[in-house]
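The values are calculated or read from the model by the stated rules, or taken from the named source; none is laboratory data. On a predicted model such as this, the values are computed, not experimentally measured, just so you know. All Cβ positions, glycine included, derive from the backbone under ideal geometry; neighbour counts span all protein chains shown.
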Amino acid sequence: MSTTVDATGMSPVAATDTSGLGGHPRGLSTLFFTEMWERFSYYGMRAILVLYMTTAVAQGGLAFDTKYAGLVFGTYASSVYWTPLVGGWLADKYLGTRRAVLIGGIIIACGHFSMVFHSMIAFYGGLALIALGTGLLKPNISAMVGQMYAEGDERRDAGFSIFYMGINLGALIAPLVCGYLGQRIDWHYGFAAAGIGMALGLVQYVLSGTRLKGIGERPVKKKEDIAKTRDAVKGSDADTLTLVFAVLGGAAGLSLGYFVGGSFVTSLFPTVVGTAFGYIVGVVRHLNGDELKRVLIIFILFAFSVIFWASFEQAATSLTLFADRLTRTNIFGFEFPSSWFQSVQPTFVILLAPVFAGLWIKMGRRNPSSPAKFAVGLLFAGLAFALVAFASTLTGAGKVSPFWLVFVYLLQTLGELCLSPVGLSTVTKLSPGRMVGLMMGVWFLSISFGNYVAGWASGFFSEDEGALVNLFGIIAAITIAAAVLLVILTPVIKKMTPRST
């Protein structure tokens, strides 16, 4: 028996379901655990990836030099944030979100299990599969959470908050399990544990599938809806010249990437970015004055977002190497794997996210503007690297205390909580109505860009004290300077921004 769904893929029955935990729809727990295990698999593999690539062959690693390992990580991590643009489109047009999540999870699990084998083909193929699977799963599972609530449902924000906790719970547990197995027993045990985590998520997703009845199905379009869609496409911004811009942008990115790095790995991300920006330029030329002004603000914030994520995502690259090679990994006589440091950030997020949410509400009209929160987030990120730059001056006397990195991660988390949720909200408020989806893609592209830059920057990591101070000091200086510049620009941005933001 088929279930009636509306154009969003949501059934009326699902939208009024209150039989789950705390009066939420029953399907929320299914999606919570699916996302938790998917994030477990992602952050578990991420915790040991750079260490595995830079470890000597005799110790089971790949013996990549730091620069190349950084480029591989940057290309992979950036792919995780641009493939959802394709995955969301495929779900909307062909698969439906529910099926896309299942297929994506299967591909992710195959990717992790592929990395169990000590082979270059298995390694690169595994990374590619994980990125492609994440592109299908990540945007569509979030969409399914939204589809469980009717428009105006007061439970929606609380539902997403619960879902967000699942993300951080998975990120917290993953390094403890996968990091221990990878560093203490065998790297491939860590990758296998990540794959098992994704498999567990898929098993409960399938077994509790009845809880998702009516959610995420592909809507059945009527003939009149198809005709409207056809007319909309004919009058849309996706005309021939826009596609020409996209192709030219992609070609420019491909040429630049190959000229700089001379390989497919170094060319992939520049090609994607060039194509995306070429397409955006083609679309933007159709906007009127007010719409163009709004998009301009988004791109200003885009630039600052890239700088923030380029520093923040060093947690999995240069800061991981600093933790492994130059930080004492024992507290009160207890010895632990260096990858465990990557559980610190999600712990702080779980503890502090409710505090920040309450703080913004309590401040009421005194609540800082979105650009001001961006600036504060950048400042915290810059201070984090100023702190680790200072800690680097102490490495000449031996490994430094683990508490240096704990405080670095605390500062980074404070920055994340100021900037990340605000960025999503600001983009939705500023985007012209016909470009909300595209501008959300731009926001995630800034995270992708930041990941790529973070991987590239980590290539300059060296155990030499002077080189470390230079690397971390430059990152701190750029990030703090960006915060100061944004403070200067904030009055101008506020004048261009609708009062509601």
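So here's what we get for this one:
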quantity: Verdict on LEU387 being at pLDDT below 85, farther than 25 Å from PRO270 by Cβ and not charged (D, E, K, R); calculated: no
quantity: Options PHE277, PHE259, PHE308: the member that is assigned to a helix (DSSP H, G or I), free of Cβ contacts under 8 Å to residues at least 24 places away in the same chain and of a type in the set (Phe, Trp, Tyr); calculated: PHE259
quantity: Count of region 323-351 residues which are farther than 12 Å from TYR409 by Cβ and among the aromatic types (Phe, Trp, Tyr); calculated: 3
quantity: Positions within region 177-186 being surrounded by 23 or more Cβ atoms within 10 Å (Cβ to Cβ) and under 24 Å from the mean Cα position of the chain (by Cα), in sequence order; calculated: CYS178, GLY179, GLY182
quantity: Scope region 352-389; condition buried (at least 21 other Cβ atoms within 10 Å of the Cβ), closer than 14 Å to LEU410 by Cα and touching a Gly at 6+ places or on another chain (Cβ under 9 Å); matching residues; calculated: GLY377, LEU378, LEU379, PHE380, ALA381, GLY382, ALA384, PHE385
quantity: Residue in region 127-169 that is modelled with the highest pLDDT, counting only those that are polar (S, T, N, Q) and more than 25 Å from VAL116 (Cβ to Cβ); calculated: ASN168
quantity: Tally, over region 360-381, of residues that are assigned to a helix (DSSP H, G or I), touching a helix residue (DSSP H, G or I) at 6+ places or on another chain (Cβ under 6 Å) and within 18 Å of THR490 (Cα to Cα); calculated: 11
quantity: Answer residue from region 77-87, given it is surrounded by 21 or more Cβ atoms within 10 Å (Cβ to Cβ) and free of Cβ contacts under 8 Å to residues at least 60 places away in the same chain and is nearest to CYS178 (Cα to Cα) among those; calculated: THR83
quantity: Those residues of region 314-369 which are touching an Asp or Glu at 6+ places or on another chain (Cβ under 9 Å) and among the hydroxyl-bearing types (Ser, Thr, Tyr), in sequence order; calculated: THR329, SER338, SER339
quantity: Residue within region 49-60 that is in contact (Cβ under 8 Å) with a residue 24 or more places away in the chain, within 30 Å of MET148 (Cβ to Cβ) and surrounded by 24 or more Cβ atoms within 10 Å (Cβ to Cβ) present; calculated: no
quantity: Long-range neighbours under 6 Å by Cβ, at least six apart or interchain, first residue over 9 Å from ALA77 (Cα atoms) and at pLDDT 90 or above within region 442-456, second assigned to a helix (DSSP H, G or I) and charged (D, E, K, R); calculated: GLY450/GLU313; ALA454/GLU313
